[in-house]
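Notes follow the structure.
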Amino acid sequence: MSALIDRDVLFASDPRQRSIARGLYGSIATLPIVSPHGHTDPRWYALNEPFPDPAQLLIVPDHYIFRMLFSQGVDLQRLGVPPMDGSRTEADGRAIWRLFAENYRLFRGTPTRLWMDYVLSTVFGIEELLDGSNADSVYDQIADQLAKPEFRPRALFERFNIEVIATTEGALDDLSWHRKIRESGWGGRVVTAYRPDAVVDPDFEGFSDNLDRLGDMTGEDTGAWSGYLAAHRKRREYFKTFGATSSDHGHRTATTANLGSGEAEALFQRVRTGKADAAERETFRGQMLTEMGRMSLDDGLVLQIHPGSWRNHSPGMMARFGRDKGFDIPTRTDYVAALKPLLDAVGLEKNLSVILFTLDESSYSRELAPLAGVYPALKLGPAWWFHDSPEGMRRFRELTTETAGFYNTVGFNDDTRAFPSIPARHDIARRVDCAFLARLVAEHRLTETEAFELARELAYTLAKEAYRL
Amino acid sequence: MSALIDRDVLFASDPRQRSIARGLYGSIATLPIVSPHGHTDPRWYALNEPFPDPAQLLIVPDHYIFRMLFSQGVDLQRLGVPPMDGSRTEADGRAIWRLFAENYRLFRGTPTRLWMDYVLSTVFGIEELLDGSNADSVYDQIADQLAKPEFRPRALFERFNIEVIATTEGALDDLSWHRKIRESGWGGRVVTAYRPDAVVDPDFEGFSDNLDRLGDMTGEDTGAWSGYLAAHRKRREYFKTFGATSSDHGHRTATTANLGSGEAEALFQRVRTGKADAAERETFRGQMLTEMGRMSLDDGLVLQIHPGSWRNHSPGMMARFGRDKGFDIPTRTDYVAALKPLLDAVGLEKNLSVILFTLDESSYSRELAPLAGVYPALKLGPAWWFHDSPEGMRRFRELTTETAGFYNTVGFNDDTRAFPSIPARHDIARRVDCAFLARLVAEHRLTETEAFELARELAYTLAKEAYRL
Amino acid sequence: MSALIDRDVLFASDPRQRSIARGLYGSIATLPIVSPHGHTDPRWYALNEPFPDPAQLLIVPDHYIFRMLFSQGVDLQRLGVPPMDGSRTEADGRAIWRLFAENYRLFRGTPTRLWMDYVLSTVFGIEELLDGSNADSVYDQIADQLAKPEFRPRALFERFNIEVIATTEGALDDLSWHRKIRESGWGGRVVTAYRPDAVVDPDFEGFSDNLDRLGDMTGEDTGAWSGYLAAHRKRREYFKTFGATSSDHGHRTATTANLGSGEAEALFQRVRTGKADAAERETFRGQMLTEMGRMSLDDGLVLQIHPGSWRNHSPGMMARFGRDKGFDIPTRTDYVAALKPLLDAVGLEKNLSVILFTLDESSYSRELAPLAGVYPALKLGPAWWFHDSPEGMRRFRELTTETAGFYNTVGFNDDTRAFPSIPARHDIARRVDCAFLARLVAEHRLTETEAFELARELAYTLAKEAYRL
């Protein structure tokens, strides 16, 4: 493919498996990208302005990068991440880039290394492994290209062969960037997704004010349980007008609840007025997952549950730098008991699609595959976050396929805000899946004909179908 | 082997490993089957009547099959599974078979696919991959053969080269089918196993009535703790007269207890009179595992513990279709604390054999291998249920061998009621073990001579010894 | 290498991977051994007396060996392990050796087998696989050699090419053997490590007396919190004068605490006077980890946390044979919540080095790699104890590298008291790492140049740097 990325990257070295994997991959390598879950900024597609300098584009916003460098003693300010007190932060993209390049060896063996090599080589044509000695020239090459029209967001979108991409917006977002995209007449398909954490989680900053705003936006009385639910329904409908086919929920646990309506109303009142204790707040979040499941039955949005991250684990970092600075740590996550109220309520519905993710790989074979392998409403999202990696994706297939099959999985999510890396991420997922299928064929557990069908389904079809795109 | 099953199925594609695996497998492929734990119906061997139509034989009773199809939106009634309300259920075997064949692709990558291909090809001589287009002709071929004398249970038993098979009967079973087998003069060795859940688990339906019946059957006073224990001892003796060498216990957790005799008696009285709360009922189940361990010391029955399944997870399905409809979901299972009372009581006994199973693979290297690698009474059962699969059996060996060795494991259990698939299941286990041994040899971690010995032990000897068969 | 150990042992059989692994290994095979954590007896190096007979050297003290044999029904007395009641114990080394040799097959597939084959072949020149038939002649060959000067501890130390080795001593140890080593003028570098369990864990036998002794040794008032802390600081300084660069902590859980100083003082008083309940004692242990972290900030000792072992699980064995008889069983271990108080206190310090170990492999990708991949103070110790094995080390790399990278790991620890096996253990770790790197190169995920650098770092450099040796 390029000097940095071998044409056989991620295929087994065994010649028989490699040969099969090459064939499978060759048949699907150029399929369009379907990106049903991610975090790119719709503003990029709306304004189509040039991306900023290489460091602001590729380093500063990437939590995988700054967490690793921080773990090895590099200050965040030197990477351009600003402290909340406004103290000095590196603003020179070239200096940030150099610091990254000098430490690029730290990423050996990580997916960040693969993604970056892909981006440098396939997007920007760089042919040398990055290090301190070539940092400046690489920086210049990227910067030069970013200034060109063919490196603006829409041009890259088209070059990347993206058939459809979903962004994620909070329930209170006015979706104005999405509106601008529609109004621009540009043909790229960018859809939103409904992320209501700020109006569902009583522990979210400004929860009460957020509910007031939700009421204002919808004309519903969010002081009352029925009005609150109606407001959600209206926002979901609004999001659907901008292409949304899914909602997304990032709770710390997979807890769900299914209270009687009187109980739910009483709980809402306690939550609304700030009187609910921690257990009640957790129950409320859980209740809302079930409510969202019921709404999905009516409006068809796919329900995504992303549990198990202990957000902002370090209070010191939270105080100095704020949220989302790489300090989200996975925790042990139960699904079998936690999801039972939701499943008792809507788990047998064929027309509902609930997609489960995990950061706890021990749940793949023990809980998630057995659940998705029987409940019609459940499907398994791809290997997520820290596990969105070659070894992680391989483990996902090895640990889920025998019980859930391939068809209770939903293809790949890139889940990224790093726009230039999207082709890299999808290509890696396709390669890992082809390598897995190649092993099954080489071990005579699957015919080659079937593997070709599956390669296409895993790379393209399942994502479209599962997300109704 | 056949058009559907390659002669090298499940061996690594690396030529060196494959060559070693072939050699190992060749030396044990035709060893008799020892099936020490399973759920075939002794009535089959007793009456030796023809099996029913292909769907009733191969589809309807197989929870692996109907759970997968159900997860993908297929109604159970269409698969011939009757609702409890007596509403319409498909009775036409051909229609059920067609539905299965049309959806056979859903099983790609699952053990069900391998088992079915094996059965179709090696038992019935089918040479084409099943799909909607050949469903009828395959059905006819199977149906034709099932009508022949050489496809009756005893003929298949002999053709399958089964040296001994264990069935599982409840403590209240009169073992009349086993008696008929004995009286028939047929030489096939079919033994029973003692499964006392219905008279040990206070949450079992009809527990109190069950204890009354246990008293009637044994002439012991099951209103008293000592009579209750004596009744178990009598039933175990009775089961031994029909060849039983083991008991089997399917508790939801691995909890054990070891109360003083006064405490145990008092607990029994609360349980017997329905006054015990949930914690007491759990303690009672745990106490009974320890009691069974003590009885085993006297009567030599091997004690099998199969914990960790949340049975009938969906109340909706339970209400509509009853028990055992694919909704048993594994849960996280502790062994180190849970088994301590049992181990404190009898764990150091050399003459006791307690075989542990798990649905929680995270316990293999963390708990089960370290426990079985030191307690003389403990051994590890093979990869179970959802993990009775090529990847699952490979993980079992990779995660247990280094700490527990091979000799604290007990060979293979097919654990099935799907009689025609028994050779498939044993053959797959043998192949996976040979592939594992071949890797050890190819990596110079074991000599080839040793691997040949081990291949035989894993396929045959260990099961006979561990189960005292 | 020898008749028993193939030159390619532990390398993948795939020719491409094997060829790369050979090259990598060839470049680092003869690097000196850095052993930063272990349990050899400093007396050996101090006195340089001949080792005892083969069984007393290689069998009797090895818990991996006697636990496996015990699990298969061999009495510990027959292996030379004395019961506490003084009853008869086998004292004839030859008889013990024969019993081991006759049962050597039980170790197939275990690391014990690899280590022993290495020791027999590379240290003692044995060329036949051990079994009952050659037990006597092998015994004689070893015994003959142990009598020679070149098999005394210092000669082996030099032959093994040990650059530095750490032993582990309790806080109350006078380090007299270490003093003797220094005074002897011998050039071998043997350092101690500070293991204060006996004066940190209120459940340790003789805790109160131990604190009295600690007071006596340091001239500090260990009846007061401040004096107790000062006493630790003095002992740490004293240990540093004998080369210590680390402390080591073997708590049952990873619980840490960070009380205010008033609270901590009050807790200390309850603990000191024996009034603390179980929860308070656990909090105290956790508090002391945080205190040790603070001391490390001042004095530079590396802090090692080895949690998760349920020590002496069998009270029957404890009563008959005492501690450390193979009955330490791993348990599920939480790190994310448990370490938070410590991390909140000192986790962001760049100059602190806290090395985490685990016996719960499910925590590798879920908790440990994400924590070490962001907190500057954290690093991951190598695969430990039951997981110090080829499969265990492979899983460690596969499960941690993608999130923590290689550079948040610390190379290898042999962690052993089995001195003759030290080269075997390091060689196996080097081979497993080279095999892992070879796979990454063969799959084009790393360049060969990088792999050569990493092979050296994993085998040598990282251990020196992480342990400040």
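The values are calculated or read from the model by the stated rules, or taken from the named source; none is laboratory data. Computed from a prediction, not measured in an experiment: that's the story for all the values here. Here the Cβ positions follow ideal geometry from the backbone for every residue, glycine too, while neighbour counts run over all protein chains shown.
Is it the case that C:Gly293 is among the small types (Gly, Ala, Ser), over 28 Å from A:Trp384 (Cβ atoms) and surrounded by fewer than 20 Cβ atoms within 10 Å (Cβ to Cβ)? So C:Gly293 fails the test.
Of the residues making up the range B:381-401, those that are under 19 Å from the mean Cα position of the chain (by Cα) and part of a helix (DSSP H, G or I) are B:Trp385, B:Phe386, B:His387, B:Pro390, B:Glu391, B:Gly392, B:Met393, B:Arg394, B:Arg395, B:Phe396, B:Arg397.
Filtered by the rule that a residue be under 21 Å from A:Met217 (Cβ atoms) and over 19 Å from the mean Cα position of the chain (by Cα), the range A:159-174 gives A:Leu172, A:Asp174.
The set of residues in the range B:356-385 that are in contact with an Asp or Glu (Cβ under 8 Å, 6 or more places away or on another chain) and under 17 Å from B:Asn413 (Cα atoms) comprises B:Pro382, B:Trp384, B:Trp385. When the range B:337-346 is filtered for residues that are part of a loop (DSSP other than H, G, I, E, B) and either more than 8 Å from chain C (Cβ to nearest Cβ) or under 24 Å from the mean Cα position of the chain (by Cα) (or both), the ones remaining, listed by number, are B:Ala338, B:Leu339.
Of all residues in the range C:329-341, at least one satisfies being in contact with a His (Cβ under 8 Å, 6 or more places away or on another chain), over 27 Å from C:Ala12 (Cβ atoms) and free of Cβ contacts under 8 Å to residues at least 60 places away in the same chain. Screening B:Ala171 on (1) in contact with a Leu (Cβ under 8 Å, 6 or more places away or on another chain); (2) surrounded by fewer than 17 Cβ atoms within 10 Å (Cβ to Cβ); (3) under 30 Å from B:Asp197 (Cβ atoms) shows it passes everything except condition (2).
Residues checked against (1) among the β-branched types (Val, Ile, Thr); (2) touching a Ser or Thr at 6+ places or on another chain (Cβ under 9 Å); (3) not assigned by TED's automatic domain parsing to the domain that holds B:Gly381:
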residue: B:Thr40; (1), (2), (3): yes, yes, no
residue: B:Asp62; (1), (2), (3): no, yes, yes
residue: B:Gly73; (1), (2), (3): no, no, yes
residue: B:Met84; (1), (2), (3): no, no, yes
residue: B:Ser87; (1), (2), (3): no, no, yes
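None of C:Pro42, C:Pro52, C:Pro32 is more than 14 Å from chain B (Cβ to nearest Cβ), at pLDDT below 95 and under 17 Å from C:Pro420 (Cα atoms) except C:Pro52.
On inspection, C:Ser87 fails the criterion of being of a type in the set (S, T, N, Q) and within 13 Å of another protein chain (Cβ to nearest Cβ). Meeting the requirement of 1 or more residues that are among the hydrophobic types (A, V, I, L, M, F, W, C) and closer than 30 Å to A:Leu31 by Cα, the helices (runs of 4 or more DSSP H) wholly within the range A:62-171 are A:63-71, A:111-118, A:135-146, A:153-159.
Against the conditions (1) more than 7 Å from every other protein chain (Cβ to nearest Cβ); (2) surrounded by 24 or more Cβ atoms within 10 Å (Cβ to Cβ); (3) β-branched (Val, Ile, Thr); (4) in a loop (DSSP other than H, G, I, E, B), B:Val374 satisfies every one except (1).
Of all residues in the range C:294-322, those being within 19 Å of C:Glu361 (Cβ to Cβ) and within 15 Å of the chain's Cα centre (by Cα) number 6. One residue is enough: does the range C:124-139 have a residue meeting the conditions under 16 Å from C:Arg425 (Cβ atoms) and within 29 Å of the chain's Cα centre (by Cα)? Among the residues of the range C:124-139, not one is under 16 Å from C:Arg425 (Cβ atoms) and within 29 Å of the chain's Cα centre (by Cα), which makes the answer no.
When the range C:1-10 is filtered for residues that are more than 7 Å from chain B (Cβ to nearest Cβ) and either acidic (Asp, Glu) or crowded, with 18+ Cβ neighbours inside 10 Å (or both), the ones remaining, listed by number, are C:Leu4, C:Ile5.
For the range A:311-326, residues that are surrounded by 20 or more Cβ atoms within 10 Å (Cβ to Cβ), touching a residue at least 40 places away in the same chain (Cβ under 8 Å) and on the phi < 0 side of the Ramachandran plot total 1. Just one of the numbered conditions (1) assigned to a loop (DSSP other than H, G, I, E, B); (2) over 20 Å from B:Ser137 (Cβ atoms); (3) hydrophobic (A, V, I, L, M, F, W, C); (4) in contact (Cβ under 8 Å) with a residue 60 or more places away in the chain is not true of B:Trp44: (1). On inspection, B:Arg366 passes the criterion of being buried (at least 24 other Cβ atoms within 10 Å of the Cβ) and part of a helix (DSSP H, G or I). Please determine whether any residue of the range C:401-415 is of a type in the set (D, E, K, R), more than 9 Å from every other protein chain (Cβ to nearest Cβ) and farther than 18 Å from A:Gly392 by Cβ. There is at least one residue in the range C:401-415 that is of a type in the set (D, E, K, R), more than 9 Å from every other protein chain (Cβ to nearest Cβ) and farther than 18 Å from A:Gly392 by Cβ. Only one of these is more than 23 Å from C:Cys434 (Cβ to Cβ), crowded, with 24+ Cβ neighbours inside 10 Å and in contact with a helix residue (DSSP H, G or I) (Cβ under 7 Å, 6 or more places away or on another chain): C:Thr358, C:Thr403, C:Thr409. Name it. The unique qualifying residue is C:Thr358. Scanning the range A:350-397 for residues that are within 19 Å of B:Asp75 (Cβ to Cβ) and of a type in the set (Val, Ile, Thr) yields a single hit, A:Val374.
Quickly run through the range A:230-271 and pick out the residues that are modelled with pLDDT of 95 or more, surrounded by fewer than 21 Cβ atoms within 10 Å (Cβ to Cβ) and touching a Phe, Trp or Tyr at 6+ places or on another chain (Cβ under 8 Å). Listed by number, the residues that qualify are A:Ala264, A:Glu265, A:Leu267, A:Gln269. Among the residues of the range C:359-371, the ones that are more than 7 Å from chain A (Cβ to nearest Cβ) and in contact with a Leu (Cβ under 6 Å, 6 or more places away or on another chain) come to 2 in all. The number of residues in the range A:175-223 being more than 26 Å from A:Thr273 (Cα to Cα), under 21 Å from the mean Cα position of the chain (by Cα) and crowded, with 18+ Cβ neighbours inside 10 Å comes to 7. Of everything listed in (1) under 22 Å from A:Arg431 (Cα atoms); (2) touching a Leu at 6+ places or on another chain (Cβ under 6 Å), the single unmet condition for C:Thr409 is (1).
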